[in-house]
Amino acid sequence: MTDVALTLNGVPVRADVEARTSLADYVRDTHNLTGTHLGCEHGVCGACTVLLDGVPARSCITYAVACAHAQVATIEAFDDDEIMKELRAAFSREHALQCGYCTPGMLVTARDVVLRAPDSDERAIRVAMSGNLCRCTGYVGIVRAVQGVVADRRKRGIRPIRGAGRRALGPAGAGHGNPIAASSAPRATQAASVQPATTDFTDWRPQTTFEQSFTVRHSVDEVWRFFSDVPAVASCLPGASVEAQAGGDTVRGKIRIKVGPMSPEFHGVAEIERSDATHSGTIRGSGQDANSSSATRGVISYQLTDVGNSTTRVDLRVGYRLTGPLAQFGRSDLMRDIAGRLVGVFAQNVERRLGAPGASFASAPELGAGSLFLSVLAARLKAFLRRLIE
């Protein structure tokens with residue numbers, strides 16, 4: 001399950017949903033907003049049209065997890081909307097509905113057309129409304145209704161809004177397209193605009209929890225001292241680095257991983273607790289990727305144990321939650337295997353650093369998710385073949 005938080009009809013809401021849940025099912029089943037109708041469920045008929053950050057979008061083919069932090073408006077949001085009042089009156093006057101099943105999506109699209117149409121040209125309106133299908137009216141009344149509202153508003157001196165207020169490039173949803181004015185801005189500038197992450201974990205529950213262990217051929221005291229050097233520890237984790245000390249036991253940092261053509265870079269903050277008496281600690285952190293607006297939050301607890309012969313076992317317990325478009329990569333079984341390989345690389349880097357105190361080491365480069373997935377699949381295939389042979 002994935003925790004999805006967004007603003008629905010002006011009200012902040014959140015709920016746990018499966019990664020495959022559509023936005024239409026999310027608003028209908030989770031929040032009982034059944035004015036959004038499901039027709040073809042293939043993004044063809046337009047009955048499920050809602051506004052995502054002010055842009056009409058098909059909610060039946062939009063994943064709810066892709067709308068984290070979005071402004072979503074269903075037909076129920078427009079009871080007091082000026083344009084929608086005019087459209088409802090025009091639809092009634094022109095007999096622009098019969099069964100009414102397509103009408104909610106039709107009205108949402110029509111409102112967008114009224115906002116941006118320069119005039120009441122019939123052909124242009126038919127083209128603009130062509131993504132919304134009706135099996136009853138023959139469209140004559142619908143087109144006349146939209147024409148009438150556009151013409152009346154232009155006569156009253158209400159000018160069209162170019163693009164209906166769109167300020168983003170790319171697909172609709174959560175305002176995560178690159179702003180037009182900043183589309184050529186340097187990557188560092190865009191990354192800096194990420195909202196500060198938080199370490200407030202009140203009422204937070206992890207989506208997935210797993211445990212990992214590794215050993216280091218050095219004493220507990222050596223490993224414990226090394227773990228107190230946060231930048232050095234972070235540099236052992238592929239793609240991770242510390243950017244600043246935020247005060248006390250709080251640090252700001254980033255982690256980058258390549259996922260096919262995407263290279264998400266999570267900037268965030270982590271709060272670190274350590275116990276010298278028990279050689280244990282807890283790291284609570286959260287971060288957000290500027291490009292995909294995916295977000296992650298997690299807790300890592302670790303315990304150092306002396307297992308003899310100057311060898312230390314590090315036991316890790318990890319709990320995390322991933323939201324946004326990248327949540328599709330969050331399947332717990334695959335993530336557990338991938339995390340195991342990341343921990344293996346981390347352990348090797350820790351061993352190298354402890355074995356050469358005072359030496360200069362570069363930060364571990366990020367690992368591609370593609371190679372990680374391939375290694376996971378290869379390991380599973382080997383295990384499957386081994387079971388067949390045995």
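So residue 117 ticks every box in (1) over 22 Å from residue 57 (Cα atoms); (2) surrounded by 18 or more Cβ atoms within 10 Å (Cβ to Cβ) but one. Which box is left unticked?
Result: residue 117 fails condition (1) only.
What single numbered condition from (1) crowded, with 19+ Cβ neighbours inside 10 Å; (2) over 21 Å from the mean Cα position of the chain (by Cα); (3) under 21 Å from residue 131 (Cα atoms) fails to hold for residue 77?
(3)
Is it fair to say residue 9 is more than 24 Å from residue 322 (Cβ to Cβ), without any contact (Cβ under 8 Å) to a residue 40 or more places away in the chain and not basic (Lys, Arg)?
Details: more than 24 Å from residue 322 (Cβ to Cβ): yes; without any contact (Cβ under 8 Å) to a residue 40 or more places away in the chain: no; not basic (Lys, Arg): yes.
When the stated conditions are applied, residue 9 does not pass them.
Checking the structure you have, find out if any residue of the range 68-79 is at pLDDT below 95, in contact with a Pro (Cβ under 8 Å, 6 or more places away or on another chain) and in a helix (DSSP H, G or I).
No, the range 68-79 contains no residue that is at pLDDT below 95, in contact with a Pro (Cβ under 8 Å, 6 or more places away or on another chain) and in a helix (DSSP H, G or I).
Restricting the range 43-67 to residues that are among the aliphatic types (A, V, I, L, M) and assigned to a strand (DSSP E or B), which is surrounded by the most Cβ atoms within 10 Å (Cβ to Cβ)?
Going through the range 43-67, the residues among the aliphatic types (A, V, I, L, M) turn out to be 44, 47, 50-52, 55, 57, 61, 64-66.
Checking which are assigned to a strand (DSSP E or B) leaves us with 50-52, 55, 57.
Working: 50: 29, 51: 24, 52: 25, 55: 20, 57: 22.
Filtering first and then ranking leaves 50.
Taking the criterion of being under 17 Å from residue 255 (Cα atoms), of a type in the set (S, T, N, Q) and at pLDDT below 75, would at least one residue in the range 314-330 satisfy it?
The answer is yes, given that some residue of the range 314-330 is under 17 Å from residue 255 (Cα atoms), of a type in the set (S, T, N, Q) and at pLDDT below 75.
Quick one: residue 141 ticks every box in (1) of a type outside the set (Lys, Arg); (2) within 22 Å of residue 51 (Cβ to Cβ); (3) not in a loop (DSSP other than H, G, I, E, B) bar one, so which box is it?
(2)
Of all residues in the range 202-242, count the ones that are under 26 Å from residue 323 (Cα atoms) and polar (S, T, N, Q).
Matching residues across the range 202-242 total 7.
For the range 193-212, what are the residues that are surrounded by fewer than 13 Cβ atoms within 10 Å (Cβ to Cβ) and modelled with pLDDT of 85 or more?
211
I'd like to check something: does the range 80-97 contain any residue that is more than 25 Å from the chain's Cα centre (by Cα), modelled with pLDDT of 95 or more and of a type in the set (S, T, N, Q)?
Scanning the range 80-97, I find at least one residue that is more than 25 Å from the chain's Cα centre (by Cα), modelled with pLDDT of 95 or more and of a type in the set (S, T, N, Q), so the answer is yes.
Restricting attention to the range 1-42, which residues are surrounded by 16 or more Cβ atoms within 10 Å (Cβ to Cβ) and more than 18 Å from the chain's Cα centre (by Cα)?
Matches in the range 1-42: 9, 28, 30, 31, 33, 35, 36, 37, 38, 39.
Could you list, in sequence order, all residues of the range 236-264 that are part of a strand (DSSP E or B), modelled with pLDDT of 80 or more and in contact with a Lys or Arg (Cβ under 8 Å, 6 or more places away or on another chain)?
Hits for the range 236-264 are 240, 241, 242, 243.
The values are calculated or read from the model by the stated rules, or taken from the named source; none is laboratory data. Nothing here was measured: the structure is a model prediction, and the numbers come from that model. Please note: Cβ atoms are built from the backbone with ideal geometry, for glycine as well, and neighbour counts cover all protein chains shown.
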